[in-house]
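**Student:** Next up is a structure, given as structure tokens.
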Amino acid sequence: SIEEQFLWPFDFLPRSGRVVAVPLYKGTYGRQAELPPGSNFPGDVARPSNTYRDATITWVQDLGRVIDYLGTRPDMDADRVGYYGFSHGGYLGPIILAVEDRLKAGVLNVGGLVPNWHFLPEADPINFVTRVTTPTLMINGKYDIVLPYETSQLPMYEMLGTPAENKRHFVSESGHIVPKDDLIRETLAWFDRYLGPPGGG
């Protein structure tokens, strides 16, 4: 379950007073059997994957349903919803932020383009990144071997369609996992700036 496995990348957000809604995307956690094996990755670098394309479309729909749900709750402010994506969620960020205009701010924790993977057009972040206008913070490690600084991080940041004054690239002296102190400081400041303080005060 997500409670047992994967809270640490965002456990600081509820501690700061914000609500965190975690979509249990089709094919993940308790829903793994709902997608064919291998759907979570593009597949062979030379052969774009139909199953990955279909999964990506489904994930964006899953996220949209979560925002729909938040809008039905009187204790939630659906006009102040941000996106926080870690690793896989970071490099999917351009697709999500370009398609889902109800998101008012984005934080891509170790996001970047993946030039050595081949995607079908509907699932290729490079086809969406220039269409992003949402205020977006990218947080990366300079020595990340999964999403390298020069070939992955910088191209995504430079191609983001978000106006320069509403995007930021924070780079730490680290690898794929950014130090928690840096992550917390930068993320909370970004959400405070674009979503307002927790609680609407």
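The values are calculated or read from the model by the stated rules, or taken from the named source; none is laboratory data. In this text the structure is predicted, and so the values were computed from the model without any measurement. Cβ: placed from backbone, ideal geometry, glycine included. Neighbour counts: every protein chain shown. Note: accessible area is taken over every heavy atom of the protein model, side chains too, but ligands, DNA and RNA are not part of it. Shrake-Rupley method; radii C 1.70, N 1.55, O 1.52, S 1.80 Å.
**Student:** Which condition does M156 not pass, out of (1) in a loop (DSSP other than H, G, I, E, B); (2) over 23 Å from W8 (Cβ atoms), if it passes all the others?
**Tutor:** All conditions pass for M156, except number (1).
**Student:** Same structure, new question: Among Q61, Q32, Q5, which is of a type in the set (S, T, N, Q), open to solvent by 70 Å² or more (accessible area, probe 1.4 Å) and at pLDDT 75 or above?
**Tutor:** Q61
**Student:** For the stretch 71-97, which residues satisfy the criterion of being assigned to a helix (DSSP H, G or I), in contact (Cβ under 8 Å) with a residue 40 or more places away in the chain and buried (at least 17 other Cβ atoms within 10 Å of the Cβ)?
**Tutor:** G90, Y91, G93, P94, listed by residue number.
**Student:** Starting from the stretch 164-189, keep only residues that are free of Cβ contacts under 8 Å to residues at least 40 places away in the same chain and open to solvent by 40 Å² or more (accessible area, probe 1.4 Å), then list their pairs with residues that are in a helix (DSSP H, G or I) and hydrophobic (A, V, I, L, M, F, W, C) whose Cβ atoms are within a distance under 9 Å, requiring at least 6 positions of separation or different chains.
**Tutor:** Listed by first residue and then by second, the contacts come to R168/W190.
**Student:** Tell me which residues, restricted to the stretch 145-183, are in contact with a His (Cβ under 6 Å, 6 or more places away or on another chain) and among the charged types (D, E, K, R).
**Tutor:** The answer is none; no residue qualifies.
**Student:** Output the residues belonging to the stretch 124-148 that are closer than 25 Å to E173 by Cα and open to solvent by 60 Å² or more (accessible area, probe 1.4 Å).
**Tutor:** Those that are closer than 25 Å to E173 by Cα and open to solvent by 60 Å² or more (accessible area, probe 1.4 Å): K142, Y143, I145, V146.
**Student:** Only residues that are in contact with a strand residue (DSSP E or B) (Cβ under 6 Å, 6 or more places away or on another chain) and more than 9 Å from G161 (Cα to Cα): list them for the stretch 124-143, please.
**Tutor:** Our first condition is that a residue be in contact with a strand residue (DSSP E or B) (Cβ under 6 Å, 6 or more places away or on another chain); within the stretch 124-143, this holds for 134-142.
Selection gives P135, T136, L137, M138, I139, N140, G141, K142.
**Student:** Being at positive phi, touching a Ser or Thr at 6+ places or on another chain (Cβ under 7 Å) and not hydroxyl-bearing (S, T, Y) narrows it down to one of V132, V114, V110, so name that one.
**Tutor:** V110 is the lone residue from the list that is at positive phi, touching a Ser or Thr at 6+ places or on another chain (Cβ under 7 Å) and not hydroxyl-bearing (S, T, Y).
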